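Structure, as structure tokens:
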Amino acid sequence: MNDEQKSWRLGGHEFSSRLILGTGKFSDAATMIKAIEASGTELVTVALRRFNREKPGDDLCAPLAKLKNIRLMPNTSGAMNAKEAVRAAQLGRELSGSPFVKVEIHPNPHHLMPDAIETYLAAKELAADGFIVLPYIPADPVLAKKLEDAGCAAVMPLGSAIGSGGGLSTADMIRLIIRDSNIPVIVDAGLRAPSEAARAMEMGCAAVLVNSAIAAAGDPVAMARAFALGVETGYAARQAGLMPKSDMAVTTSPLTSFLR
Amino acid sequence: MFLTVNGEKHEHSGDGTVAALLTELGATPDHTALTVNGELVFSRHWKTFKFNDGDTVEILTFVGGG
């Protein structure tokens with residue numbers, strides 16, 4: 001397979017890596033940078049927060065600026081409704097110069113489930129304003145289709161709750177989203193193991209977004225590499241075409257002409 | 001002049017420009033986005049912008065996030 005076949009497009013921009021990385025929860029910036037490099041990612045998410053003069057080390061701009069060939073995708077985390085998300089997106093674009101935005105609106109801190117209605121309203125407004133919009137959504141095929149019609153560049157259904165490591169608990173719904181979608185489907189949130197990333201890719205996802213599984217791993221840099229391999233494996237398997245499933249055994253050796 | 005910066009009262013002793021406030025707070029301009037009284041102030045307007053006494057200022061930067 002050549003590189004051209006492996007690459008994919010998101011809002012008119014071409015990417016070769018199908019792994020998107022979150023930058024939260026890393027123990028320090030140096031580990032985060034090494035994990036980003038080990039993952040081969042070309043797109044990383046960042047969050048917008050108040051400047052804290054007591055903690056200048058929290059500022060990610062300086063370490064991220066050293067990376068080459070990495071695009072930033074500011075998220076709207078912290079927004080409780082569409083209006084706040086739109087403002088966060090505008091601030092993120094002003095600061096990053098990047099047209100990519102991950103719209104995430106999850107008002108309940110206990111489960112962090114996305115607010116489908118506010119997310120839809122924000123995504124529609126931001127898409128009309130020229131953003132490349134990637135909404136983080138519940139794994140709902142109807143909502144996914146409406147977001148595609150609203151001009152989103154991709155949809156990002158959750159595998160399970162943010163940071164939970166619950167894996168691909170929504171696999172059946174994600175399959176339905178992929179079947180009807182004309183835009184990339186990216187599993188975002190809940191993945192724990194590279195095998196789950198491989199499975200998402202085998203199902204037909206265009207990419208996966210991983211943060212906690214790498215940042216909270218025993219060795220985040222090694223896990224970043226492992227996820228890159230998982231994504232690559234799953235994508236290669238999808239391209240190769242998985243064999244059909246059967247409820248019955250199907251012989252691999254001939255059952256006739258056995259030595260008697 | 002007195003400003004509310006990121007939710008806290010702040011006495012600004014500079015000339016009321018964005019550059020003066022950011023220097024006072026130790027913030028790096030390139031790493032900073034700004035809202036004043038809820039409105040985004042684009043960095044291309046920072047040179048001419050002046051704070052007024054009582055303004056509510058939010059200074060934002062990127063941190064880790066998923």
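The values are calculated or read from the model by the stated rules, or taken from the named source; none is laboratory data. Predicted, not measured: the structure shown is a model, and the values here were computed from it. Cβ placement follows ideal geometry from the backbone for every residue including glycine, while neighbour counts extend to all protein chains displayed. We work out accessible area using only protein heavy atoms, side chains counted, and drop any ligands, DNA or RNA first. Shrake-Rupley method; radii C 1.70, N 1.55, O 1.52, S 1.80 Å.
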| field | For the protein assembly as shown, convex hull volume per residue from C-alpha positions, Å³ | value | 160 Å³
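Which value, in debye to the nearest 20, describes the size of the charge dipole of region B:2-60 about its Cα centre when Lys and Arg Cβ atoms bear +1, Asp and Glu Cβ atoms bear -1, and nothing else is charged?
On the way: 4 positive and 9 negative charges, 42 e Å.
It comes to approximately 200 debye.
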| query | Summing Lys, Arg as +1 and Asp, Glu as -1, what charge do residues with Cβ under 12 Å from the Cβ of A:Ala65 carry, A:Ala65 excluded? | reply | 0
| Ignoring any ligand, DNA or RNA, what whole percent of the accessible area of the protein assembly as shown comes from carbon and sulfur when the probe is 1.4 angstrom? | 52 percent
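At 4 °C and a viscosity of 1.567 mPa s, what translational diffusion coefficient does Stokes-Einstein give for region A:126-260, taking Rh as the Kirkwood radius over Cα pairs? Give it in µm²/s as a whole number.
79 µm²/s
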| request: Please report the Cα spread of region A:14-74 along all three principal axes, rounded to whole Å, starting with the longest. | output: 39, 20, 19
| query | Cβ under 12 Å from A:Met80's Cβ, A:Met80 left aside: what net charge do those residues give with Lys, Arg +1 and Asp, Glu -1? | reply | -2
| task | Kindly express, to the nearest 10 degrees and within the range 0 to 90, the angle between helix A:220-240's C-alpha long axis and the longest C-alpha principal axis of chain A. | result | 50 degrees
| request: Provide the descending list of Cα extents for region B:2-60 along its principal axes, expressed in whole angstroms. | output: 25, 21, 19
| request: With N set to the residue count of region A:67-149, report its C-alpha Rg divided by 2.2 N^0.38 Å to two decimal places. | output: 1.05
| field | Calculated FRET efficiency for the pair B:Glu24/B:Lys47, C-beta based, R₀ 22 Å, to 0.05 | value | 0.80
| query | At a Förster radius of 51 Å, what calculated FRET efficiency corresponds to the Cβ-Cβ distance of A:Ala128 and A:Arg260, to the nearest 0.05? | reply | 0.10
| task | Could you work out the per residue convex hull volume over the alpha carbons of region A:1-154, in cubic angstrom? | result | 134 Å³
| query | How far apart, in nm, are the 7 Å Cα→Cβ label points at A:Ile117 and A:Met248? | reply | 5.2 nm
| said: Once you place label points 7 Å from the Cα toward the Cβ at A:Met80 and A:Asp58, how far apart are they in nm? | reply: 1.9 nm
| request: Partner chain Cβ atoms within 10 Å, averaged over the residues of B:25-31 - can you pull that number for me? | output: 4
| field | Tilt relative to chain A, helix A:29-39 - C-alpha long axis, 0 to 90 degrees, to 10 | value | 30 degrees
